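See structure below.
The values are calculated or read from the model by the stated rules, or taken from the named source; none is laboratory data. None of the values given here were measured: they were computed from a predicted structure. All Cβ positions, glycine included, derive from the backbone under ideal geometry; neighbour counts span all protein chains shown. Side chains included, ligands, DNA and RNA excluded: accessible areas come from the protein's heavy atoms. Shrake-Rupley method; radii C 1.70, N 1.55, O 1.52, S 1.80 Å.
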Amino acid sequence: MRGGLWQLGQSITRRLANGDKKAVARRYFSAEAELKKTVLYDFHVAHGGKMVPFAGWSMPIQYKDSIMDSTLNCRENGSLFDVSHMCGLSLKGKDSVSFLEKLVVADVAGLAPGTGSLTVFTNEKGGAIDDSVITKVTDNHIYLVVNAGCRDKDLAHIEEHMKAFKAKGGDVSWHIHDERSLLALQGPLAAPVLQHLTKEDLSKLYFGQFRVLDINGSQCFLTRTGVYHDKMLNPNGSMHNNAIFAETFRYTGEDGFEISVPSENALDLAKAILEKSEGKIRLTGLGARDSLRLEAGLCLYGNDMEQHITPIEAGLTWAIGKRRRAEGGFLGAEVILKQLEEGPKIRRVGFFSSGPPPRSHSEIQDEGGNNIGEVTSGGFSPCLKKNIAMGYVKSGLHKAGTKVKIIIRGKANEGVVTKVPFVPTKYYKP
């Protein structure tokens with residue numbers, strides 16, 4: 001499933017259209033009985049969801065509309081995503097902030113209560129274990145959501161370090177919110193539609209802010225999604241300071257919300273959102289999520305970010321707070337702070353290209369035919385009607401306008417390094 005969600009959706013659509021339904025069932029649905037299901041599984045199926053294995057879950061890759069139409073509708077109206085496969089958890093205790101700061105690069109202590117930030121869990125070599133959005137609910141309570149595909153390793157990593165921390169007298173405990181479901185509501189109509197279901201004034205809730213409030217009669221954790229920073233791009237257009245991340249579901253570049261709801265109320269909330277939108281907001285699957293996040297220039301962990309890639313190489317410099325740069329104190333700090341001082345050897349950049357859409361692992365060459373990097377995500381943009389991609393190239397060749405060759409099936413195709421996001425973002429900020 002590495003970077004192939006859009007392609008997988010197209011493959012399923014073609015096979016179904018060609019009547020090869022048995023082959024599709026064997027290839028994509030054979031492990032269905034072994035997969036976990038969200039509480040909305042039957043709801044997805046009833047609405048025409050094509051269910052596929054994803055990170056151990058049976059998730060909809062698309063519905064009755066095409067991936068291209070679904071992508072465009074999100075930008076024009078809105079989308080509702082079931083992201084209950086994600087793992088939400090809370091850290092509590094007077095030392096919860098200092099504990100978490102040993103594992104992530106963010107200045108958690110510097111966050112005001114009710115605000116959040118994107119961060120990265122790092123390993124001893126400075127590589128990324130996972131990216132996560134963390135929220136300081138109070139000084140003694142941190143809420144965070146980690147990627148579904150990284151759940152087991154993330155929880156094992158946190159637990160291992162928590163045991164050692166508590167053995168030294170640290171006050172921290174955790175709760176994994178398996179009793180809750182997670183919905184993501186994205187697009188221009190997200191706020192006006194959700195406003196019908198809560199008395200809270202959503203116009204006063206900005207990016208990265210968190211509230212516990214009543215939505216459609218149940219107590220929800222609400223986060224205005226999207227992580228924005230004023231220095232997202234260098235003047236040359238590279239992503240050295242662009243630091244927004246996404247698992248496939250998460251950010252589309254549109255305004256929106258992440259809603260953690262008690263699982264017994266998730267179906268009613270999903271129905272209410274769709275009803276209040278009068279059909280304009282649609283259920284949206286993994287395929288469109290992938291094209292949406294790529295258009296917004298957002299990383300997918302496992303493709304654009306992995307355990308051997310540091311936050312600096314991935315363009316996450318801004319996520320490392322000034323205090324953390326001075327003090328370190330997180331895993332891999334020596335490697336990361338050295339890169340901050342000397343610069344990384346590779347950098348993540350965006351591309352436009354001709355020919356077939358670039359795919360993950362496509363080779364990138366300079367004009368002389370020398371290997372300079374590799375594509376990590378790529379596809380056809382439904383909004384721009386052209387090929388877009390992201391990947392890593394050698395530092396010095398990362399400036400916008402640099403001409404490259406992208407090798408696809410043995411053939412060199414013209415490409416050029418470009419600014420991201422590819423599609424303008426519409427984040428709601430003061």
Discussion item. Can you list residues from other chains, or at least 5 along the same chain, whose modelled amide H is less than 5 Å from the amide H of residue 52?
Written reply: 59, 61
Worksheet item: Where nothing but the Cβ of Lys and Arg (+1) and of Asp and Glu (-1) is charged, how large is the charge dipole of the stretch 284-430 around its Cα centre, in debye to the nearest 20?
Response: 480
Practice prompt. Enter the Cα centre distance for the pair the stretch 282-335 and the stretch 176-223, rounded to the nearest angstrom.
Written response: 24
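What is the ratio of the Cα radius of gyration of the stretch 164-215 to 2.2 N^0.38 Å, with N the residue count, to two decimals? Before the final figure, lay out the partial values.
Values: Rg = 17.0 Å, N = 52, 2.2 N^0.38 = 9.9 Å.
Against the compact-globule rule of thumb, the ratio is 1.72.
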Item to complete: Could you check how much of the accessible area of the chain is carbon and sulfur, as a whole percent, using a 1.4 Å probe?
Response: 50
Worksheet entry | Debye-sum result for the stretch 131-224 in log10 I(q)/I(0), which assumes one identical scatterer on each alpha carbon, at q = 0.14, 0.17, 0.25 Å⁻¹ | -0.66, -0.90, -1.47
Worksheet entry | log₁₀ of I(q)/I(0) at q = 0.11, 0.13 Å⁻¹ - the chain, Debye sum with one point per alpha carbon | -0.83, -1.17
Worksheet item: Just how large is the dipole of the chain about the Cα centre, in debye to the nearest 20, putting +1 at every Lys and Arg Cβ and -1 at every Asp and Glu Cβ?
Response: 920
Worksheet item: Between 77, 329, 56, whose Cα lies farthest towards the positive end of the dipole of the chain when Lys and Arg beta carbons carry +1 and Asp and Glu beta carbons carry -1, centred on the Cα centre?
Response: 77
Discussion item. Given a 1.4 angstrom probe, what's the average accessible area per residue across the chain, in square angstrom?
Written reply: 40
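Shape verdict for the stretch 85-149, please, from the Cα gyration tensor: rounded (a/c under 1.5), prolate (a/b greater than b/c) or oblate.
oblate
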Worksheet item: So what is the relative contact order for the chain, in percent, with contacts set as C-alpha pairs under 8 Å and at least six apart?
Response: 19
Worksheet item: lysines near residue 50 by alpha-carbon distance under 16 Å, same-chain residues fewer than 8 away left out - which ones?
Response: 21, 22, 36, 37, 64
Item to complete: Work the Kirkwood hydrodynamic radius out for the stretch 345-418: mean of 1/r over every pair of different alpha-carbon atoms, inverted, in Å.
Response: 11.7
Fill in: Dipole of the stretch 345-418, positive direction: furthest Cα of 410, 361, 388, with charges on the beta-carbon
388
